[in-house]
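Asks: The structure that follows is given in the form of structure tokens.
The values are calculated or read from the model by the stated rules, or taken from the named source; none is laboratory data. Predicted model, so just to flag it, every value in this text is computed and none were measured. A quick note on method: Cβ atoms are made from the backbone with ideal geometry, for glycine too, and the neighbour counts reach across all protein chains shown.
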Amino acid sequence: MSVFLQSLLDAFADGDALRPGHGLPWLDVARRENRQALASSGLPTTHDESWKYTSLRTLDQRAFASSDALATQHTIDPAEFALPEADGARLVFVNGVLRADLSRLADLPSGLDVQPLSAVLQGDAESLRVFLARNFKHPAESFARLNAAFAADGAIVRVAPGAQITTPLHLVFIGGIASTDIAWHTRNIFDVGEGAQLSVIEHHLGVGTHANLGNVFAEYRLRENAALNLLRIQNEGERASLIQRSEFSLAKHARLHLNNLDLGTALMRHDLRIELLGDRAHAAVRGVFVLDQRQHVDNQLSVEHRALNTSCDLFWRGVADGRARGVFNGAITIHAGADGADARLSNKNLLLSAQAEIDSKPVLEIYADEVQASHGATVGQLDESALFYLRSRGLPLAQARVLLIQAFCAQALAHIEPAGLREHVTQLLQARLPQEMPA
Amino acid sequence: MLKIENLHVRVAGKEILKGLSLSVNAGEVHAIMGPNGAGKSTLGNILAGREGYEVTQGSVEYFGKDLLDLEPEDRAAAGVFLAFQYPVEIPGVNNTYFLRAAFNAQRKKRGEEELDSMQFLKRVREKLKVLHLKDELLHRAVNEGFSGGEKKRNEIFQMAVLEPKLAVLDETDSGLDIDALKMVADGVNQLRSPERAFIVITHYQRLLDYIVPDFVHVLADGKIVQSGDKTLALKLEEQGYAWLQQRKLADSAVAP
Ligand SMILES: Nc1ncnc2c1ncn2[C@@H]1O[C@H](COP(=O)(O)OP(=O)(O)O)[C@@H](O)[C@H]1O
Ligand SMILES: [Mg+2]
């Protein structure tokens, strides 16, 4: 067994009895089965099609501790995660551990219920059974298994039918300094009721230099006519690893607006799976990553059209400098019976150095009738004629390059609301762009 | 101001300019006419500093210095401006933001004080007014989705704001209706002064009804083959470039 698995499974035995929900027969079974499946499958390799571009060999040689005993004691300045227009409810986790002192759950608007997973497991655990008693069948789902076996906390968010929660719920996941590298596992569940609306900011950041591994699994259930506005800002530390899986299921007329920004981590993998289950369900997804040095960021986006007149609009931009590697896989499947579907995918990528690499693979499969679909992907360099045009007006080369890169990324942020938040996110992104570049 | 001597330029291995000479003094307007493919845009690009052109012989002096030695942005700061034959669309970059950044970058390089956004906006609005352009131009992305005519107007607007010393207009009149043509001419005439010079590349004599040139040159096959005053443009208009062809034949008959 690999160093990685050995370190985690050893720790599992020690921490088992302390894990919230321990003793619930169905949960114990689910945790055990997932752990066993993980132990026999190990981590996926690049032979697995969906992990073709992301090697976990280095990660598999590293040992991690399974809990950070000092997570509740790290001094964290709230200014680190403050965002404009995010002055509503907030849940903060540091190395996977809930920080009640930094969170704000009092005076929630009516119709919004936010609880830590650990608390729900002490109370109405049964309500989470459909989510937590899952077995992951595919060997490549190692991290979902890992999460199912280990997750001890997370955010459980429920929105009552018809409730309109427009002030965003701010979920903060902080990777922080620890005496050894920590692996933490967080499970989030969102249930947005019929006709309800919810805004969420999922915010990842690093405080202090650390090389922890975060493993976040989230499920978003949007019931009929529900709307979810999700802004994900990933600005983790430059040595961090982050593995995420986000699943969205949309019932009839449900609408998902997802804006995604990936800036940080040394290694990130994010599987985004969107299921359009009800008629006229709609998903609008905009994402951008900006990478440098030896960063490796792999986004796997899939959309399944399974009902009439469903639609998706996917827009992703990537920028890689240094020796960074970006991966974008966008797969749209329009299943038999999903007639009248409308699907769009646009992925453009910019390479800023000869050693950077971006792999883009758009896939469109159609088994239905009267479908409108378009997809396109490009990987290229900055437009020489645009550069010359700017320089001919007096802009120095370095400034011209930055301006063009900013413009390239700006399109991916254009839909973030309100404007104050968009400005802030734009600044985060700009701070990651090369400020001065050699000719 | 500008002295081009015996300039030979290769593009993609092919010789395009074959010994071009041209002198331009401050205060002058030079029109350059010539058939398609003669090398007119090549000349404009060489002056502005576009990459991909190989100068194999000759020199270009600008205010006594070697222009070819300078980066494009340094040429701009020194007062060189090219109105592109095909202005580039730059999605996501706001026209005003871009122009102010360029304007201030030039001033900084010249050791002049930069303008803040209020001061700059004031200047820009004055120029818009003089050129009868709509405010809307300020809010759009650089040339994005502009019609051919709008792009050309935007070039003239940029020229008006940047106030270059040497402006090269590369077929800025092509494809314009008469109103737009007058606007282009206005832009040039407003800036005409004893300190400035213009090189106006055009296919058509009609622009020269509005921008009256001091000199007209015919550029054919990589060289200036004929120079004269504004009446040369009229002659070209009447006789077309056919007589150039004959000239060329005559030349080659003479050549060994
Ligand atoms: N970048 C280039 N690559 C290859 N050939 C070029 C390039 N630019 C210009 N040329 C060639 O050089 C010649 C002159 O072009 P140009 O200067 O654009 O002519 P004009 O502006 O007078 O019509 C043409 O034959 C054209 O095909
Ligand atoms: Mg031309």
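Asks: Output the residue which, of all residues in region B:149-159 that are more than 13 Å from the chain's Cα centre (by Cα) and either within 13 Å of chain A (Cβ to nearest Cβ) or within 16 Å of ligand 1 (Cβ to nearest atom) (or both), is farthest from A:A386 (Cα to Cα).
Replies: B:F157
Asks: Continuing with this model, one more query. Considering only region A:319-327, I want to know if a residue exists there that is surrounded by fewer than 17 Cβ atoms within 10 Å (Cβ to Cβ) and not small (G, A, S).
Replies: yes
Asks: Is it the case that some residue within region B:113-124 is at positive phi and more than 16 Å from ligand 2 (Cβ to nearest atom)?
Replies: no
Here is a yes/no grid of residues against (1) modelled with pLDDT of 90 or more; (2) part of a helix (DSSP H, G or I); (3) polar (S, T, N, Q):
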| residue | (1), (2), (3) |
| --- | --- |
| A:S50 | yes, yes, yes |
| A:S55 | yes, no, yes |
| A:R62 | yes, no, no |
| A:S67 | no, no, yes |
| A:A71 | no, no, no |
| A:I76 | yes, no, no |
| A:A79 | yes, yes, no |
| A:P84 | yes, no, no |
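Asks: Still on this structure, please answer the following. Somewhere in region B:54-67, is a residue within 16 Å of ligand 2 (Cβ to nearest atom) and either buried (at least 20 other Cβ atoms within 10 Å of the Cβ) or away from every other protein chain (no Cβ under 14 Å) (or both)?
Replies: Within region B:54-67, not a single residue is within 16 Å of ligand 2 (Cβ to nearest atom) and either buried (at least 20 other Cβ atoms within 10 Å of the Cβ) or away from every other protein chain (no Cβ under 14 Å) (or both).
Asks: Condition test on B:L133, is it part of a loop (DSSP other than H, G, I, E, B), among the hydrophobic types (A, V, I, L, M, F, W, C) and more than 16 Å from ligand 1 (Cβ to nearest atom)?
Replies: For B:L133, the condition - part of a loop (DSSP other than H, G, I, E, B), among the hydrophobic types (A, V, I, L, M, F, W, C) and more than 16 Å from ligand 1 (Cβ to nearest atom) - is met.
Asks: Filter region B:1-19 down to residues that are under 16 Å from B:F215 (Cα atoms) and surrounded by fewer than 19 Cβ atoms within 10 Å (Cβ to Cβ), then give me how many there are.
Replies: Of the residues in that region, 2 qualify.
Asks: Go through region B:97-118 and give me each residue that's crowded, with 19+ Cβ neighbours inside 10 Å and more than 9 Å from chain A (Cβ to nearest Cβ).
Replies: The one that is crowded, with 19+ Cβ neighbours inside 10 Å and more than 9 Å from chain A (Cβ to nearest Cβ): B:R100.
Asks: For region B:201-213, which residues satisfy the criterion of being more than 13 Å from B:N189 (Cα to Cα) and either in a strand (DSSP E or B) or more than 16 Å from ligand 2 (Cβ to nearest atom) (or both)?
Replies: The answer is B:I201, B:Q205, B:R206.
Asks: Of all the residues that make up region B:20-49, how many are within 13 Å of ligand 1 (Cβ to nearest atom), surrounded by fewer than 21 Cβ atoms within 10 Å (Cβ to Cβ) and part of a loop (DSSP other than H, G, I, E, B)?
Replies: Residues flagged as within 13 Å of ligand 1 (Cβ to nearest atom), surrounded by fewer than 21 Cβ atoms within 10 Å (Cβ to Cβ) and part of a loop (DSSP other than H, G, I, E, B) within region B:20-49 amount to 3.
Asks: Still on this structure: Just wondering, is there one or more residues in region A:26-39 that are part of a loop (DSSP other than H, G, I, E, B) and over 30 Å from A:L169 (Cα atoms)?
Replies: So far as region A:26-39 goes, no, none of its residues is part of a loop (DSSP other than H, G, I, E, B) and over 30 Å from A:L169 (Cα atoms).
Asks: Of these, A:A373, A:A354, which one is more than 10 Å from chain B (Cβ to nearest Cβ) and part of a loop (DSSP other than H, G, I, E, B)?
Replies: Matching residue, one of A:A373, A:A354: A:A354.
Asks: In the list A:A407, A:A414, A:A398, A:A419, which residue meets the criterion of being at pLDDT below 95 and away from chain B (no Cβ under 14 Å)?
Replies: Criteria check complete, one pass: A:A419.
Asks: Let me ask something additional. Scan region B:161-189 for residues that are away from chain A (no Cβ under 13 Å) and part of a helix (DSSP H, G or I) and jot them down.
Replies: B:I178, B:D179, B:A180, B:L181, B:K182, B:M183, B:V184, B:A185, B:D186, B:G187, B:V188, B:N189
Asks: How about region B:137-180: which of its residues are touching a Leu at 6+ places or on another chain (Cβ under 9 Å), surrounded by 20 or more Cβ atoms within 10 Å (Cβ to Cβ) and charged (D, E, K, R)?
Replies: Within region B:137-180, B:K152, B:R153, B:E155, B:D170, B:D173 qualify.
Asks: Okay, next question. Keeping to region A:423-438, report how many residues are closer than 18 Å to A:N229 by Cβ and more than 14 Å from every other protein chain (Cβ to nearest Cβ).
Replies: Within region A:423-438, residues that are closer than 18 Å to A:N229 by Cβ and more than 14 Å from every other protein chain (Cβ to nearest Cβ) number 3.
Asks: From the set of residues in region B:59-91 that are within 16 Å of ligand 1 (Cβ to nearest atom) and touching a strand residue (DSSP E or B) at 6+ places or on another chain (Cβ under 8 Å), which is farthest from B:A141 (Cα to Cα)?
Replies: This residue is B:V60.
Asks: In region B:68-90, how many residues are assigned to a strand (DSSP E or B) and either out of contact with any Asp or Glu (no Cβ under 9 Å at 6 or more places or on another chain) or within 9 Å of chain A (Cβ to nearest Cβ) (or both)?
Replies: Adding up the residues that qualify gives 4.
Asks: Also, I was wondering about something else. Suppose we filter region B:1-19 for residues that are closer than 21 Å to B:A78 by Cβ and either within 14 Å of ligand 1 (Cβ to nearest atom) or part of a loop (DSSP other than H, G, I, E, B) (or both); how many remain?
Replies: 3
Asks: Scan region A:382-390 and give yes if some residue there is over 27 Å from A:A82 (Cβ atoms), surrounded by fewer than 19 Cβ atoms within 10 Å (Cβ to Cβ) and in contact with a strand residue (DSSP E or B) (Cβ under 9 Å, 6 or more places away or on another chain), otherwise no.
Replies: Yes, region A:382-390 contains at least one residue that is over 27 Å from A:A82 (Cβ atoms), surrounded by fewer than 19 Cβ atoms within 10 Å (Cβ to Cβ) and in contact with a strand residue (DSSP E or B) (Cβ under 9 Å, 6 or more places away or on another chain).
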